[in-house]
Amino acid sequence: ESVSDMRHFEDAADQSASRMSDLFYDDMMKLYDEEPEAFARPGPNGGMVQDSKEVWEQQVVYATQELESAISFAIAKAIEEIEMQLHDGQYYDGR
């Protein structure tokens, strides 16, 4: 068992991931407002297609959810790996 399995570590990782994904959401929506033509993509019949702000927001919401999960997982994995290195003596400086 790792300290990352402890509730307060899980809560802290989830809160950090949530804050980061909120920033991502806010910035992605601001970018659309500032330069909507930058979000055009090739259309199926040629030319460029630009999604409405509502469609863009739906995509950003899905991406934000995936980002939040990935960040939370990465934090837990980093804690576990560093904890294992600590228990293995990799931080012992020989003094």
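Evaluate E = 1/(1 + (r/R0)^6) for residue 91 and residue 12, where r is the Cβ-Cβ distance and R0 equals 22 Å; express this FRET efficiency to the nearest 0.05. FRET efficiency, residue 91 to residue 12: 0.55. Once the Cα atoms are used to define both axes, helix 7-34 deviates from the longest principal axis of the chain by about 20 degrees.
When nucleic acids and ligands are ignored and a 1.4 Å probe is applied, residue 8 ends up with an accessible area of around 120 Å². Ranking of 92, 62, 25, 32 by solvent-accessible surface, largest first: 92, 62, 25, 32 (1.4 Å probe, protein heavy atoms only, all chains present). Comparing 11, 22, 33 in a Gaussian network model of the chain, where Cα atoms under 10 Å apart are tied by springs, the biggest mean-square fluctuation is seen for 33. Multiplying the residue separation of residue 23 and residue 51 by 0.36 nm and removing their Cα-Cα distance gives an extension gain of 7.9 nm. The HN-Hα couplings worked out from phi for region 40-54 by the Karplus form 6.51 cos²θ - 1.76 cosθ + 1.60 (θ = phi - 60°) are 6, 9, x, x, x, 10, x, x, 10, 10, 10, 6, 5, 4, 5 Hz, whole numbers, x standing for Gly and Pro. Length gained on full extension, residue 40 to residue 77: 9.7 nm, using 0.36 nm per residue less the C-alpha separation. Among the GluC sites (Glu not before Pro) in region 9-95, none is located in a DSSP loop while being surrounded by at most 15 other Cβ atoms within 10 Å of its own Cβ. Spread over its residues, the convex hull of the C-alpha atoms of the chain is 161 Å³ per residue.
The values are calculated or read from the model by the stated rules, or taken from the named source; none is laboratory data. Note that this is a predicted model, so its numbers are computed, not measured. Note: ideal-geometry Cβ built from the backbone for every residue, glycine included; neighbour counts use all protein chains shown. The protein model used for the area step is the full one, side chains on, heavy atoms only, and it has no ligands, DNA or RNA in it. Shrake-Rupley method; radii C 1.70, N 1.55, O 1.52, S 1.80 Å.
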